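Novice: My questions will all concern the structure given below.
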Amino acid sequence: MAFSTPEWDLVLFKLINMQWRTEILDVLMPIFSNRMLVWVVTIPLVLLTGIKTKKWRQLLIGLAMIGIVVGITDLGTNIIKNAAGRVRPKNAIAQANYYNYKKSEWLQQPADFVQTDTRGSSFVSAHAANSIASVVIAMFLWPKLRSFLWLLPLLVGYSRVYLAKHYPMDVLGGWIFGLCLSYMLWKTVLYRLAPLWEKNSQSPIK
């Protein structure tokens, strides 16, 4: 394996993927890793908010900004993935449990499984990076959402390990990359393009 796996990384992966499994998590984790979840949650939320507040312009500008940041973050993770070449745990670890989205079923690598792939795209997790990047920008734009938005990247990151798509270190690396990049983009460029909020709102624009 070109990418060395620390002992703590492997131990934590096996705990999450093999030991801390439940029937409920087997149902929920594939959902939290599905990119369609963002649209299923975001579209109704935006429509309800727009109908209630009538602030469609602010909503659309905010969503556009989040989309731009996620796009840049995703490109950045691809560069890191190609450079690192880390093999995904489902293609490297015997008895790893993984989910087949095409057949909607859980599978497990055999006990005598031997890794054959020499390169992969495990480090860093794009799901983790993109989810936290979108949350950072959303919290800058809508500070009142800060109390619960952090739950999204946590659930997404945990699901990626649960599904054997990534090691915990891949998720941690994705979180750090997405957090730093989105914060930098906001502080250098995006805050200047943000719409004007009500004077009594907790606007991040000073």
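Read the figures in this text as sums done on the coordinates, not as results from a lab. Just so you know, these numbers come straight off a predicted model, no measurement behind them. So basically every Cβ, Gly included, is an ideal-geometry build from the backbone, and we count neighbours across all protein chains shown.
Novice: Applying the selection to the range 166-186, what residues are touching a Ser or Thr at 6+ places or on another chain (Cβ under 7 Å) and surrounded by fewer than 21 Cβ atoms within 10 Å (Cβ to Cβ)?
Specialist: LEU181 - this is the single residue of the range 166-186 that is touching a Ser or Thr at 6+ places or on another chain (Cβ under 7 Å) and surrounded by fewer than 21 Cβ atoms within 10 Å (Cβ to Cβ).
Novice: On to the next question. For ILE61, which of the numbered conditions (1) touching a residue at least 60 places away in the same chain (Cβ under 8 Å); (2) surrounded by fewer than 19 Cβ atoms within 10 Å (Cβ to Cβ); (3) not in a helix (DSSP H, G or I) fails to hold?
Specialist: For ILE61, the exception is condition (3).
Novice: Residues that are in contact (Cβ under 8 Å) with a residue 24 or more places away in the chain, more than 15 Å from VAL161 (Cα to Cα) and surrounded by fewer than 18 Cβ atoms within 10 Å (Cβ to Cβ): does the range 88-99 have at least one? Lay out the reasoning, then the answer.
Specialist: So in the range 88-99, the residues in contact (Cβ under 8 Å) with a residue 24 or more places away in the chain come out as 88-93, 95-99.
Imposing the further condition that a residue be more than 15 Å from VAL161 (Cα to Cα) reduces the set to none.
The answer is no; no qualifying residue exists.
Novice: So, one more: Return the pair list, or none, for Cβ contacts closer than 8 Å from residues in the range 159-179 that are free of Cβ contacts under 8 Å to residues at least 60 places away in the same chain and farther than 16 Å from GLU105 by Cα to residues that are among the basic types (Lys, Arg) and outside any helix (DSSP H, G or I), at least 6 apart or on different chains.
Specialist: If the second residue must be among the basic types (Lys, Arg) and outside any helix (DSSP H, G or I), no pairs are left.
This table checks each residue for (1) out of contact with any Leu (no Cβ under 7 Å at 6 or more places or on another chain); (2) closer than 30 Å to GLN58 by Cβ; (3) aromatic (Phe, Trp, Tyr); (4) surrounded by fewer than 24 Cβ atoms within 10 Å (Cβ to Cβ).
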residue: LYS103; (1), (2), (3), (4): yes, no, no, yes
residue: SER121; (1), (2), (3), (4): yes, no, no, yes
residue: ILE132; (1), (2), (3), (4): no, yes, no, no
residue: LYS144; (1), (2), (3), (4): yes, yes, no, yes
